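Heads up, the thing below is written out as structure tokens.
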Amino acid sequence: MSWAQELESIITTATAAIKAAGSTSELEEIKVEYLGRKGALTTLLKNVGSLTAEERPQAGQSANAVKKEIEAGLSERAAALESTELDQQLLEGSVDTSLPGRRPSVGGKHILNQITDEILEIFLGLGYKVAEGPEVEVDWYNFEALNMPPEHPARSLQDTLYVGDENQAVLRTHTSPVQVRVMEKERPPVYIVAPGRVFRRDVVDPTHSPMFHQIEGFAVDKDVNFGHLIGTLETFIHTMFGKDRKVRLRPHFFPYTEPSAEVDVSCIVCGGKGCRVCSHTGWLEILGCGMIDPNVFKNVDYDPEEYSGFAFGMGVERIAMLKYGINDIRLFFENDMRFLGQYT
Ligand SMILES: [Zn+2]
């Protein structure tokens, strides 16, 4: 094949290939095949030395013309293919407006915050105020001022998480320190509810968590008696769980109240007949309470002869579990939306 014939063959096959190309990436391959460093046209141009001196200028011009023609063909086809490919992409990515929309997920209050609000609301209605305290407490507020000096046996009952080496600070084991903090600053009458997180060195099982929520309540005034405490708790329990709930007090011991009691409510599930939830007793324990110990009053400079008061404390998780029949405390903290979503 003469040089001219080879050039002719290149332009013919290249033009046909360009026309047949179905994508811009195929065009790239064609470009390499003909114009690349080892491409057909490049190879032919390298052989220009085999021609006579008279033939060379003409051959060079022809080869350049062919190169330009192939380049023009490539860019024209590329433009056409790009626009087709764009159309295709738009088609594939288009929105089918006949489909139903996706519902945006709306946030909601965590069930424990709802229960906390509900409890606080009841006490606000009774004239109480809300107070809060720090989660890292000093020994005085968490133990000592609450009638639990270092040698007090009750301290060993509280599995405490200490902060630092000196054991001076603790993660509060209950919300009762708020009682002391408020009484130090305010003179009676005080009617306070104090919600917050508390911490204990506990194993994690269906009924225990090293962090949980408590609400402490207390009232100090002139002539406050045990009857006022019972009346207050009954009002709370009937508002929270329904008017037909029975309330029972059992004597108990707490270092910071005297006398002390644990409070049961008739089983929410069986109504008192006895079932698995209430261990066939008909009763469920919901909180602890008592008359504030005179020693606590002395620690905050209240005169126990002049004032008396009661205090009570409840676990928010426990109230939520009883109200909604939830049997595992871990569900509150696992953040599984299948669980939490049922209560928002
Ligand atoms: Zn029951």
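Every listed requirement among (1) under 41 Å from the mean Cα position of the chain (by Cα); (2) hydrophobic (A, V, I, L, M, F, W, C); (3) in a helix (DSSP H, G or I) is met by ALA80 save one, (1). When PHE254, PHE236 are checked against the criterion of being more than 25 Å from ASP303 (Cα to Cα), buried (at least 19 other Cβ atoms within 10 Å of the Cβ) and either of a type outside the set (D, E, K, R) or more than 16 Å from the ligand (Cβ to nearest atom) (or both), a single residue qualifies: PHE236. Of GLU317, GLU306, GLU334, all but one fail to be of a type outside the set (A, V, I, L, M, F, W, C), under 32 Å from the mean Cα position of the chain (by Cα), exposed (fewer than 15 other Cβ atoms within 10 Å of the Cβ) and not in a strand (DSSP E or B); the exception is GLU334. Restrict the check to segment 216-228 and report whether at least one residue is of a type outside the set (A, V, I, L, M, F, W, C) and more than 30 Å from GLU305 (Cβ to Cβ). Checking segment 216-228: not a single residue is of a type outside the set (A, V, I, L, M, F, W, C) and more than 30 Å from GLU305 (Cβ to Cβ).
Within segment 165-183, the residues that satisfy the criterion of being touching a residue at least 12 places away in the same chain (Cβ under 8 Å) and either surrounded by fewer than 18 Cβ atoms within 10 Å (Cβ to Cβ) or in a helix (DSSP H, G or I) (or both) are ASN167, GLN168, ALA169, PRO177, VAL178, GLN179, VAL180, ARG181, VAL182, MET183. Total residues in segment 281-336 satisfying the condition of being of a type in the set (Lys, Arg) and either in contact (Cβ under 8 Å) with a residue 60 or more places away in the chain or outside the structural domain of PRO189 (by TED's automatic domain parsing) (or both): the figure is 2.
For segment 106-133, a residue qualifies if it is touching a Pro at 6+ places or on another chain (Cβ under 8 Å) and of a type outside the set (A, V, I, L, M), and the qualifying residues are THR116, GLU132, GLY133.
Checked against the criteria, PRO294 does not count as more than 8 Å from the ligand (Cβ to nearest atom), under 28 Å from MET183 (Cα atoms), of a type outside the set (Phe, Trp, Tyr) and in contact with a helix residue (DSSP H, G or I) (Cβ under 7 Å, 6 or more places away or on another chain).
Does VAL224 meet the test of being of a type outside the set (D, E, K, R), more than 32 Å from the chain's Cα centre (by Cα) and within 16 Å of the ligand (Cβ to nearest atom)? Answer is no for this residue. Considering segment 56-68, the residues that are surrounded by 14 or more Cβ atoms within 10 Å (Cβ to Cβ) and not basic (Lys, Arg) include one that is nearest to the chain's Cα centre (by Cα), namely VAL66.
For the condition assigned by TED's automatic domain parsing to the domain that holds GLU121, of a type in the set (Asp, Glu) and surrounded by fewer than 21 Cβ atoms within 10 Å (Cβ to Cβ), GLU186 qualifies.
Table: residues versus (1) among the β-branched types (Val, Ile, Thr); (2) in the same structural domain as VAL193 (by TED's automatic domain parsing).
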{"position": "THR84", "(1), (2)": "yes, no"}
{"position": "LEU99", "(1), (2)": "no, no"}
{"position": "VAL106", "(1), (2)": "yes, no"}
{"position": "ASP117", "(1), (2)": "no, yes"}
{"position": "LEU126", "(1), (2)": "no, yes"}
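Yes/no per residue for (1) more than 8 Å from the ligand (Cβ to nearest atom); (2) more than 28 Å from GLU151 (Cβ to Cβ); (3) modelled with pLDDT of 90 or more; (4) surrounded by fewer than 17 Cβ atoms within 10 Å (Cβ to Cβ):
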{"site": "GLU258", "(1), (2), (3), (4)": "yes, no, yes, yes"}
{"site": "ASP264", "(1), (2), (3), (4)": "yes, yes, yes, no"}
{"site": "GLY271", "(1), (2), (3), (4)": "no, yes, no, yes"}
{"site": "VAL277", "(1), (2), (3), (4)": "no, yes, no, yes"}
{"site": "HIS280", "(1), (2), (3), (4)": "no, yes, yes, yes"}
{"site": "ILE286", "(1), (2), (3), (4)": "yes, yes, yes, no"}
{"site": "GLY290", "(1), (2), (3), (4)": "yes, no, yes, no"}
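Residues in segment 113-142 that are of a type in the set (Ser, Thr, Tyr) and within 19 Å of HIS174 (Cα to Cα) were compared, and the one that is nearest to the chain's Cα centre (by Cα) is THR116. Does any residue of segment 49-63 turn out to be hydrophobic (A, V, I, L, M, F, W, C) and in a helix (DSSP H, G or I)? There is at least one residue in segment 49-63 that is hydrophobic (A, V, I, L, M, F, W, C) and in a helix (DSSP H, G or I).
The values are calculated or read from the model by the stated rules, or taken from the named source; none is laboratory data. Computed from a prediction, not measured in an experiment: that's the story for all the values here. Positions of Cβ are backbone-derived with ideal geometry, glycine not excepted, and every protein chain shown enters the neighbour counts.
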